[in-house]
Amino acid sequence: MLDLHTHSRASDGSDTPERIPELALEAGCSAVALTDHDTLDGLAPAGRRATELGIKLVRGCEVSCAWERGSMHVLIYFIDRADTPIEAELANLRADRVVRNERMLKKLRDIGISLTMDEISREAGGKGVGRPHFARVLVGKGVVATPKEAFERFLGAGMPAYVSKARLKPAEVASLAKQSGAVTVLAHPLSLGLTMDEIAAIAAELAEKGFTGIEALYSSYSDQERRSLCEIAARCDLAITGGSDYHGSYKPDLKIGTGRGDLDVPDSLLHALEERRP
Ligand code: AMP
Ligand code: FE
Ligand code: FE
Ligand code: ZN
């Protein structure tokens with residue numbers, strides 16, 4: 001079993017990077033990918049712990065891309081070389097986050113909600129600050145009852161404290177990843193808010209643009225949805241990947257490896273993905 005989609009404190013998960021391979025081993029995984037948003041920071045400590053434990057750590061990350069109808073999340077795997085073009089772009093995305101976070105603070109202040117960057121930064125453990133950390137501070141202060149309410153009232157797209165992020169186009173990510181020896185995978189395809197037929201069309205387009213796979217096996221998807229996404233992958237000659245999207249206590253219903261209990265990503269998928277490395 002595998003888990004090719006997890007987050008640590010290097011972005012918006014609650015566990016240390018070292019804890020990710022520990023949890024994966026406990027779940028019975030032979031390999032786990034750490035895929036923090038916009039950063040590779042957790043990969044070195046997670047990799048060291050994985051080596052101690054005798055489990056494989058797949059080096060990954062997740063970025064949000066721009067497309068006509070909103071946001072598309074893309075997973076990047078195998079950034080194994082130093083000083084790659086994709087890493088330089090991740091640095092730009094992180095720099096943009098710093099500016100964006102300040103702007104979101106200001107927007108909250110404008111509607112009478114005072115938070116400090118210190119509070120949010122402390123919640124995030126210093127680095128990789130994002131909206132989930134804002135949400136948790138808002139809950140802690142009693143402004144909202146749940147993180148979900150924080151997104152619905154303030155932080156979600158179109159809400160009063162929302163500020164958009166810098167985003168690359170999917171084709172740019174695919175190209176930069178390829179130049180870096182890495183592969184790109186469309187994350188949780190149903191988040192695009194499209195029908196299966198529309199997803200099939202997008203998947204064909206992405207394959208054309210140099211994407212390697214789609215994340216067909218995802219925690220929250222039904223068996224039928226997983227099957228349909230696997231069929232789309234086969235038709236487009238895309239690899240299939242799968243993962244829990246574990247975020248620790250930020251998404252408390254998910255476990256590494258098994259997701260909501262019924263996830264089971266076979267080892268063979270990692271071998272197939274590795275064979276498609278540029
Ligand atoms: P950011 O990268 O700062 O824009 O934050 C995006 C992250 O916030 C996503 O990866 C999710 O982990 C989380 N998120 C997005 N929408 C929601 C929501 N409605 N409720 C809870 N968490 C969310
Ligand atoms: Fe996240
Ligand atoms: Fe995502
Ligand atoms: Zn994710």
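The values are calculated or read from the model by the stated rules, or taken from the named source; none is laboratory data. Here the structure is a predicted model, which means the values were calculated and not measured. Cβ sites come from the backbone with ideal geometry, for glycine too, and all protein chains shown count toward neighbours. Side chains are part of the model used for accessible areas, which takes the heavy atoms of the whole protein and leaves out ligands, DNA and RNA. Shrake-Rupley method; radii C 1.70, N 1.55, O 1.52, S 1.80 Å.
In this structure, the amide hydrogen of Thr241, modeled 1.01 Å from its nitrogen in the peptide plane, lies closer than 5 angstrom to those of Ile214, Glu215, Ala216, Leu217, counting only residues at least 5 positions away or on a different chain. Take every DSSP beta bridge whose two residues both sit in the chain; close to 45 percent of them are antiparallel. Note on Trp67 and Ala88: the extension gain reaches 5.4 nm, defined as 0.36 nm multiplied by sequence separation minus the Cα-Cα distance.
For Lys127, the lysines whose Cα falls under 18 Å of its own Cα, not counting residues fewer than eight places away in the same chain, are Lys165. For segment 130-202, the set of trypsin sites (Lys or Arg not before Pro) satisfying both a DSSP loop assignment and a count of at most 12 other C-beta atoms within 10 Å is given as Lys141. Which whole-number percentage describes the relative contact order of segment 139-202, with Cα contacts under 8 Å and a sequence gap of 6 or more? Reported relative contact order: 12 percent.
Could you tell me which of the pairs Lys148/Lys169; Lys106/Lys141; Lys56/Lys255; Lys56/Lys148 are separated by over 22 angstrom between their Cα atoms in the structure shown?
Correct reply: Lys148/Lys169; Lys56/Lys148.
Treating r as the C-beta distance of Asp118 and Asp262 and R0 as 51 Å, the FRET efficiency rounds to 0.80. Rolling a 1.4 angstrom probe over the chain with all protein chains present gives an accessible area of which 50% lies on carbon and sulfur atoms. Here the gap between Leu194 and Asp253, fully extended at 0.36 nm per residue and compared with their Cα-Cα distance, gives a gain of 18.8 nm.
Spatial offset of segment 141-198 relative to segment 84-132 amounts to 15 Å, using the alpha carbon center of each. Relative contact order, whole percent, for segment 102-230 stands at 16, derived from Cα pairs under 8 Å and 6 or more residues apart.
Per residue, the chain exposes 43 Å² of accessible surface when a 1.4 Å probe is rolled over the protein heavy atoms with every protein chain present.
Spacing of the modelled spin labels on Asp223 and Asp80, each 7 Å from Cα toward Cβ, amounts to 3.6 nm. For segment 1-74, the list of trypsin sites (Lys or Arg not before Pro) that fall in a loop by DSSP and count at most 11 other C-beta atoms within 10 angstrom reads Arg69.
Among the trypsin sites (Lys or Arg not before Pro) in segment 81-122, those located in a DSSP loop and surrounded by at most 14 other Cβ atoms within 10 Å of their own Cβ are Arg81. For Leu168, the residues 5 or more places off, or on other chains, whose built amide H falls under 5 Å of its own are Ala66.
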